[in-house]
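Chemist: The structure under discussion is supplied below as structure tokens; questions concerning it will follow.
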Amino acid sequence: SELKMEILDREALILQIFEKRSSSAESKLQVKLAQARYDMSRAKEKVRLSKKGEQPGFMGLGTFEVDVYYNEIKKRMINIKSKLVKSGKQRQLHRQARKRLGFKIISLAGYTSAGKTTLFNTLTGEQKERNDELFTTLSTTIRRVMIKKEIALVSDTVGFISKLPAYMVEAFRSTLEELLYADVVIVVIDASDHFDELRKKFKSCYTTLNEIGVEPDKMVFALNKSELLHEDEILDKVDLLELNEDKKWIDISAITQKNVDKLKEIIDNIFQNDISRNGDKVGVKT
């Protein structure tokens, strides 16, 4: 009242940014679902504030209004979920078609503003919108890329953020599940971040990927924006993130294309190893 402006909590702010950035029909539905879940947890308080002073007790005045508002949100959520199920089935059909055609899938993941879309443009030759603002990408985009004379498909996904409420992750699950079906997941890391910020963002990404169920063997950690750092600084940050021999990593620059060809070689090696493993399984089975 004093400032004469709307005051938002962190979750409401994230939802407003989501709403502004959503462009596809599916991402708009996902944002609406997250907003409905946010509203549901605050239904009683919202009605109370709208009444200004009315404090409904047990079966008291105002209880009916809360129930009506709560049930209206539930109906809205059921409707949105049914539409998202249809989108999910369509996405599944597309995945099955790509698998039948033998396409390998590469997915880009990482913290928001790490440079995923810039790397996507570099790999595919696209001119997809990119900037330093949060959540420029909220829906999955898939394009062709050449990996050692073989056509693969690369997808750009929604960026992660630390301490993202579970209901928001759940709302975007249909988009994030694309990571599960990828043959390679490139985890893009902003190597120019300060140490504490870098550790926090990396932990958030790695935890989210594990919660979704992405296999560690599929992950390649790309330390982006490395053109801003000296070699010693890069190695210090590799040590900080404990990117040991078990984890595949490479320092790249999506802007200058530094080590992008080497990144493609790593991707191709994973493809070939996957073919070898599948071949061995077929051999045992027959």
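Chemist: How many nm separate the modelled label positions at residue 215 and residue 5, each set 7 Å beyond the Cα in the direction of the Cβ?
Modeler: Distance between label points: 5.0 nm.
Chemist: From the backbone phi of region 25-38, what are the Karplus-calculated ³J(HN,Hα) couplings (6.51 cos²θ - 1.76 cosθ + 1.60, θ = phi - 60°) in whole Hz, Gly and Pro given as x?
Modeler: So the J values, rounded to whole Hz, are 4, 5, 5, 5, 5, 4, 5, 4, 5, 5, 5, 5, 5, 5.
Chemist: Which is farthest toward the positive dipole end of region 229-276 among 235, 250, 271, measuring Cα position about the Cα centre, with Cβ charges +1 (Lys, Arg) and -1 (Asp, Glu)?
Modeler: Working it through, the farthest residue towards the positive pole turns out to be 271.
Chemist: List the pairs from 44/81; 20/258; 149/225; 99/247; 149/248; 203/237 whose alpha-carbon separation is above 25 Å, in the order I gave them.
Modeler: Values: 44/81 23 Å; 20/258 33 Å; 149/225 27 Å; 99/247 27 Å; 149/248 23 Å; 203/237 13 Å.
In this structure, 20/258; 149/225; 99/247 lie more than 25 Å apart at Cα.
Chemist: Hey, can you find the accessible area per residue of region 143-215 for me, probe 1.4 Å, expressed in square angstrom? Please report the intermediate quantities before stating the final value.
Modeler: Details: 3270 Å² over 73 residues.
For region 143-215, the solvent-accessible area averages 45 Å² per residue.
Chemist: Straight-line reach only, C-alpha to C-alpha below 17 angstrom: list the aspartates and glutamates that residue 163 could link to, leaving out same-chain residues fewer than 8 apart.
Modeler: 9, 11, 196, 197, 211
The values are calculated or read from the model by the stated rules, or taken from the named source; none is laboratory data. For clarity, every value in this text was computed on a predicted model and none was experimentally measured. In this analysis, Cβ positions are derived from the backbone assuming ideal geometry, glycine residues included, and neighbour counts consider all displayed protein chains. Note: accessible area is taken over every heavy atom of the protein model, side chains too, but ligands, DNA and RNA are not part of it. Shrake-Rupley method; radii C 1.70, N 1.55, O 1.52, S 1.80 Å.
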